[in-house]
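Asks: I have a structure here, written as C-alpha cells, and I will follow up with some questions on it.
The values are calculated or read from the model by the stated rules, or taken from the named source; none is laboratory data. Please read all numbers here as calculations on a predicted model, not as lab measurements. Glycine gets a Cβ as well: all are built from the backbone with ideal geometry, and neighbour counts include every protein chain shown.
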Amino acid sequence: MTSSEVPPNELAIVIITRNEAAHIAMCIESVLRATAAFPTKPDVVVVDSDSSDATTTIAARYPVRVFRYQASPTSAAAGRWIGTRLTNAPFVFFLDGDCQLSEGWLEVALAKLSADSTLGVICGTRYNIVNGVMDTANATAALGGSALYRRAALERSGGFNPFIIGGEEHELRVRLEAHGYRASSTRELMSLHHTMKKETPRGMWRRYRTGMQGGPGQVLRVALRDGLFLQQARYFDRYVGTAAYLLIGILTFLLAISVSALPTILWALVGVGAALMLVWRRHSAREAAFIVLDWVSGAIASIRSFARQPHHPDDFAFNLEEIGPFVSSPNNARETDLPVVVEPTACR
C-alpha cells in the first residue's frame, strides 16, 4: 500500500492517555461531537501509555482506533510520536485524554493552517478545571497538551522527541521555527483541561513521580546537540537561573571553608530577597513557597538530566498492541512507519 492509497482524510486526531478512565469517555465524546459535521470524518486514534486502569477498555467502545504501547520511558511525547506514525492526514491534532475539545475551534484552526503554509502549529485558549471549578482567570493560549500541527512541519523538523518527559512542546516548537515554520494561537476556546493545581503537594508529587521536573534539563541537553541551546534557555530561564544560583551557592560554601563566609552571606541574602519579592508579587506566602520548591526541585532534577547523554528518537523501542472491539481499517495506518497489529509486537 502506498500513501496515495490512503483515504484523503484532512485531519487526524491523536488522543494520548495514561490511566484516564475517569476522563477518556468525556474526551472522545467531545471529539466526536466537534467533528460530527465534518464532510470527511477525521482519523481518531487513542495512544495509551500502558494504563493499569480501564482506559483502553472504555476507549474501545467508541468508533476510534485504540493502541496501547509499552516502552521505557512512557511519556506524552512518546504517545504523540507513535500517534504521528499511525496516521497519514496532512494535519494532526493532539489532545490529552483529560481534556475536552471545544466545538468550532478545529474549523478555525484548520482554515488558518490551510491559508498560510508557513504556519507549523496553532493552539487556542485552554481553561483548566480543578476540582470541578473552571479557572477562567488564568486561561492561556500557549502550546501545551493540545495543538494542531501541519504534518509536513512535523516530518521536516523530526516531530516530537519520545525520550523527553517534560517541556516537549516547546522543544519541538523551537525546532519547527528553526526549519522556517511559525507558531500561532487563537483567542477562541480550544479545550477544557481537567487537572490538578501544580502549586500543591499532590501536584508537586505528580511532577516528581512522572519525571517531568527533569524535562528542562533534557530539552537543554538536546538543544545543545542541535545548536538551539540559547533559544531553549530563554524559555526555561527560571530553571536555568535557579540552577546557576544553586551552583554559585556551592562555590560560596567552598570559599567559606577556606577563605571567607561573606560570599555565602551575600548569596543567602539574594535568595531571601528574591523569595520575599515573589511573596509580594503573588500575594501569598504559601503559593510562593510552592513555586520556589518547584524551581529548586526542577533545577536539581534538570542538572541531573542535563548530565545524561541524550538518546536519538530513532532509538526509541516499544511494544505496540491494537485494542478491540472496534477494528480499524489498515488503510488508515502508515505502512512505511508502523505495522497495524492485533498481538503485541516489538518496534523500533
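Asks: Taking the range 144-195 on its own, how many of its residues are among the polar types (S, T, N, Q) and free of Cβ contacts under 8 Å to residues at least 40 places away in the same chain? Outline the logic, then answer.
Replies: From the range 144-195, those among the polar types (S, T, N, Q) are 146, 157, 161, 184-186, 191, 195; that's our starting set.
The next check asks that each one be free of Cβ contacts under 8 Å to residues at least 40 places away in the same chain; those that pass are 157.
Number satisfying all stated conditions: 1.
Asks: Please go through the range 227-276 and pick out each residue that is out of contact with any helix residue (DSSP H, G or I) (no Cβ under 9 Å at 6 or more places or on another chain) and under 19 Å from Val296 (Cβ atoms).
Replies: Asp237, Ile250, Leu269, Val272, Gly273
Asks: Here is a further query. I'd like the full set of residues that are over 22 Å from Glu171 (Cα atoms) and in contact with a Ser or Thr (Cβ under 7 Å, 6 or more places away or on another chain), limited to the range 70-88.
Replies: Answer for the range 70-88, where residues must be over 22 Å from Glu171 (Cα atoms) and in contact with a Ser or Thr (Cβ under 7 Å, 6 or more places away or on another chain): just Asn88.
Asks: Considering only the range 243-267, state which residues are among the small types (Gly, Ala, Ser) and in contact (Cβ under 8 Å) with a residue 12 or more places away in the chain.
Replies: Within the range 243-267, the subset among the small types (Gly, Ala, Ser) is 243-244, 249, 256, 258, 260-261.
Selection gives Ala243, Gly249.
Each row is one residue, and each column tells you yes or no for (1) in a helix (DSSP H, G or I); (2) at pLDDT below 90.
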site: His193; (1), (2): no, yes
site: Lys198; (1), (2): no, yes
site: Gly203; (1), (2): yes, yes
site: Arg209; (1), (2): yes, yes
site: Gly215; (1), (2): yes, yes
site: Arg221; (1), (2): yes, no
site: Leu224; (1), (2): yes, no
site: Gln232; (1), (2): yes, no
site: Tyr239; (1), (2): yes, no
